[in-house]
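K.L.:
First, the structure itself, so that you have it in front of you.
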Amino acid sequence: MKKLTVVLAFIIIAGAGLWAVPGLLDFSFNGTGIAVTDFAIAGIGNYHDAAGITTDRSGRTVVAGLTTAGTSLTLYEAAISRYNADGSLDTTFNGTGKVIHDFGGDDHVVGVATDGLNRVIVGGYTNWHAGCVNKVDCGDNYNFFVGRFNEDGSVDTTFADGGRKIIGFGSDTDYARDLLIDPQGRIVIAGWTYYDPGILSTAHAALALARLLPDGAFDPSFGGDGTVIGDAAPNAYSAANAIAIDHNGRLVIAADVIGIPFIFTMDDNGSFSSGYEAPFILQIPWRDDCEQIQFADVAVDQENRIIATGYCNQTSVDGTAIVIFRALPDGTFDETFGNFGVIAESFGSGAQQGRSVIVDALGRVTIAGFVTGFGRDMFIARVLEDGSVDHSFGPNADGQAAINIDSGSCSDDEAHELTFDRQGRFMMAGSTKTDAGTNFAVVRVLDEDPGFDFLLPVAPIDVVPGTSASTSVTIFSIDGFNELLKIRPSTIPAGFTLSFDGQGPEWQVTPPANGSSTGVLTVTVSAVVAPGIYTIPILDDRFQDVADITVNVVASLPMLGATMQRFVEAGYIDNAGVGGAMQRMLQQADDLTARGNLEAATQVLNALTSYIDAQAGHHIATTAVENGTTFNPSQILLQNVRALAAQLGATP
């Protein structure tokens with residue numbers, strides 16, 4: 001077998017061995033390919049349901065959902081588990097591999113992500129509010145929430161308000177459905193809100209989205225205040241069911257509008273994209289018995305095509321059919337996929353649903369969900385780029401596999417989310433239900449060996465805004481591999497420039513057989529990029545994932561001074577007195593830092609933050625465009641000053 005290993009500076013190589021037929025359970029994961037996790041405390045609490053799954057930078061699998069094993073046996077709390085590569089619980093995570101956390105109310109987790117520092121971000125909806133002391137008395141009014149946990153499983157109290165952010169849209173009813181982290185480290189959460197537009201309208205459900213900065217603050221460049229309500233159907237129901245990011249940085253939203261599936265795209269500022277042929281209505285004329293189609297998940301492939309999965313109700317039989325859909329980047333149906341862009345397939349009889357979808361670098365589409373046999377079974381299926389069955393996949397070479405977690409008890413098993421691990425294998429998370437209760441179910445399924453075994457850099461690349469930094473990249477040939485590779489980022493955050501070995505963002509290299517090739521990756525960050533952790537996925541032209549490059553954009557007093565001066569010269573700061581006052585305060589902080597008086601320097605920076613905030617929109621611009629990048633000058637200054645204050649406050 002030809003294998004290839006990619007190494008970014010300080011990476012340790014880990015071998016994986018030969019793989020079997022794609023679609024079979026991976027018995028190197030917990031001995032069976034399946035890990036079932038019970039969160040009950042001393043036998044108390046018997047409902048634990050996983051909603052989301054992801055893989056962190058260290059290759060560990062993180063799963064999140066909800067449990068009744070908390071302070072109330074009738075209300076839900078957040079449940080998170082982390083697994084080693086062998087399927088065992090990772091006891092460096094809260095000592096047990098499991099975390100149960102009370103966000104204050106009836107907490108429903110709908111999604112999970114990890115950032116470049118292996119922190120765990122969960123999102124969902126809760127009925128907690130400021131006047132809610134006893135969670136059983138919090139009432140029926142729900143809001144979105146986002147929480148963050150450190151790598152060791154403890155609550156990250158530096159995030160938002162002591163580790164959590166409650167997000168309301170001005171109504172009594174806000175329900176989240178999906179969560180992601182974009183390439184700039186911003187957190188996006190989507191769902192619906194009960195919206196009352198006022199005169200001549202009636203209250204109804206409408207799309208609701210919020211975007212947070214990496215520190216948990218609302219992102220004012222999104223909708224003006226960090227939130228957006230999309231009234232897709234005036235006086236009628238609409239909801240965002242799933243979200244993804246396309247290669248243009250737009251949000252892709254799979255929505256339900258008055259019972260009809262829609263796809264929308266949204267620009268970085270929170271407005272619906274212009275020039276995009278959306279919304280469009282998905283109709284399946286050759287399946288007259290397929291109606292009331294619902295999208296459950298959405299993804300974007302390497303050609304920027306949009307893929308969604310879900311299900312439809314069948315009128316001819318008592319059951320549902322699984323639906324897979326693909327659109328071109330402009331929103332039109334992709335007629336090269338399936339039957340004019342759509343696959344609607346019944347896998348057996350009874351209820352069945354596609355719940356999650358992912359796409360590999362070859363354009364193959366894999367879905368997961370459940371089908372009905374003697375109860376519900378987890379289900380995974382793969383089709384080729386043209387929508388035809390992938391006969392290399394599954395135990396019967398028919399492109400599919402049904403998985404019964406506990407055949408002895410006729411369990412009901414469902415997959416709720418599907419992802420790739422760092423070696424390209426399929427990871428599913430969901431639930432398994434028996435008479436004893438419902439538990440997390442995590443399943444790993446084999447794929448063909450993608451040729452990459454790796455761990456990630458020990459530390460992020462530190463870059464000051466307006467400068468560059470470099471690290472080495474080495475390709476090792478194993479088993480005589482000497483073919484041309486094309487290594488490139490899948491997405492590049494705004495304000496970043498990447499160059500591999502002086503070739504630009506794509507590195508074309510042919511490693512010598514059983515030898516290695518080493519290049520230099522240079523990351524350049526413009527002066528208008530805010531401090532924070534940015535993750536850039538790197539792909540090979542044929543495989544899904546090579547590595548993630550993590551860049552830590554670090555604030556600098558001299559560079560901030562230069563940025564202030566440039567903003568004055570560009571007219572973003574339109575008053576010389578304001579610019580001079582800011583420069584004097586910055587110089588004072590610099591002098592105090594040089595003398596070792598960090599506490600006083602921090603106080604000056606905090607005062608500078610208040611001053612910039614007061615001048616924003618008056619003498620400091622709140623919007624500007626440079627080199628095609630739209631940014632908020634006042635926000636850039638604020639984020640840099642706050643980052644500097646935090647750095648000084650954390651310095652011993």
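K.L.:
Probe of 1.4 angstrom, ligands and nucleic acids ignored: what's the accessible area per residue over the chain, in square angstrom?
P.N.:
Per residue, the chain has 38 Å² of solvent-accessible surface.
K.L.:
Hey, rough spin-label estimate for ILE44 and ASP462, points 7 angstrom out along Cα→Cβ, what's it come to in nanometres?
P.N.:
Placing both labels 7 Å beyond Cα along the Cβ direction yields 4.7 nm.
K.L.:
Can you tell me the orientation of helix 576-594 relative to the chain, as the angle in degrees between its alpha-carbon axis and the longest Cα principal axis, to the nearest 10?
P.N.:
80 degrees
K.L.:
Give me the accessible area of LYS135, 1.4 Å probe, in Å² rounded to the nearest 10.
P.N.:
Counting only protein heavy atoms, the figure is 20 Å².
K.L.:
What distance in nm separates the two pseudo spin-label positions at THR524 and ASP86, each 7 Å out from Cα along the beta-carbon direction?
P.N.:
It works out to 4.7 nm between the two label points.
K.L.:
Note the full-extension length gain between THR336 and ALA607 as 0.36 nm times their separation in residues minus their Cα-Cα distance, in nm to one decimal.
P.N.:
That works out to 91.6 nm of additional length.
K.L.:
Between ASN141 and GLU569, what FRET efficiency follows from the Cβ-Cβ distance if R0 is 45 Å, with the result rounded to 0.05?
P.N.:
Calculated value: 0.35.
K.L.:
Which value, in Å² rounded to 10, gives the accessible area of GLU151 with a 1.4 Å probe and all protein chains present?
P.N.:
70 Å²
K.L.:
Ok, one more. Once label points are set 7 Å from the Cα along Cα→Cβ at both VAL509 and ASN304, what is their separation, rounded to one decimal in nm?
P.N.:
2.8 nm
K.L.:
Count the lysine pairs in the chain whose Cα atoms sit under 26 Å apart, keeping only pairs 8 or more residues apart in sequence or on different chains.
P.N.:
For the chain, the number of qualifying lysine pairs is 6.
K.L.:
Moving to a separate point now. For the chain, what are the per-bin percents of Cα-Cα distances with bins 20 Å wide, up to the bin holding the maximum?
P.N.:
Histogramming the chain at 20 Å steps yields 18, 52, 27, 3, 0 percent.
K.L.:
Over segment 76-172, what relative contact order in percent results from Cα pairs under 8 Å that are six or more residues apart?
P.N.:
21 percent
K.L.:
Still on this model: Output the 0 to 90 degree angle, nearest 10, between the alpha-carbon long axis of helix 633-650 and the longest principal axis computed from the alpha carbons of the chain.
P.N.:
Its long axis makes an angle of about 90 degrees.
K.L.:
Let me cross-check TRP507: its accessible surface, 1.4 Å probe, with only protein heavy atoms counted, in Å² to the nearest 10?
P.N.:
Accessible surface of TRP507 is approximately 10 Å².
K.L.:
Counting only protein heavy atoms and using a 1.4 Å probe, what share of the accessible area of the chain belongs to carbon plus sulfur, as a whole percent?
P.N.:
Result for the chain: 52 percent of the exposed heavy-atom area is carbon or sulfur.
K.L.:
Something else now. State the extension gain, in nm to one decimal, for the chain segment bounded by ASP196 and GLU448, taking 0.36 nm per residue of separation less the distance between their alpha-carbons.
P.N.:
85.6 nm
K.L.:
Find how much the distance from SER392 to THR158 grows on full extension, using 0.36 nm per residue of separation minus their present alpha carbon separation; answer in nm with one decimal.
P.N.:
On the way: separation 234, 0.36 × 234 = 84.24 nm, distance 4.76 nm.
The SER392-THR158 span can extend by a further 79.5 nm.
K.L.:
Cα extents of segment 25-78 along the three principal axes, largest first, in whole Å?
P.N.:
Here the Cα extents, ordered largest to smallest, are 36, 23, 15 Å.
K.L.:
Taking every pair of alpha-carbon atoms in segment 337-382, give the share separated by more than 14 Å as a whole percent.
P.N.:
Details: 558 of 1035 pairs.
Summing the P(r) tail past 14 Å for segment 337-382 gives 54 percent.
K.L.:
If you don't mind, there's one more thing I want to ask. For the chain, what does the helix formula give at 222 nm: sum of -39500 (n - 2.57) over DSSP H segments with n ≥ 4, over the residue count, nearest 500 deg cm²/dmol?
P.N.:
Working: 4 runs with 69 residues, N = 652.
Here the helix-only value at 222 nm equals -3500 deg cm²/dmol.
K.L.:
What fraction, in whole percent, of alpha-carbon pairs in segment 90-170 exceed 22 Å separation?
P.N.:
25 percent
The values are calculated or read from the model by the stated rules, or taken from the named source; none is laboratory data. Owing to the predicted nature of the structure, the values given are computational and were not obtained by experimental measurement. For neighbour counting, all protein chains shown are included, and Cβ atoms are generated from backbone atoms with ideal geometry for every residue, glycine included. Heads up: the accessible areas ignore ligands, DNA and RNA and are worked out on the full protein's heavy atoms, side chains in. Shrake-Rupley method; radii C 1.70, N 1.55, O 1.52, S 1.80 Å.
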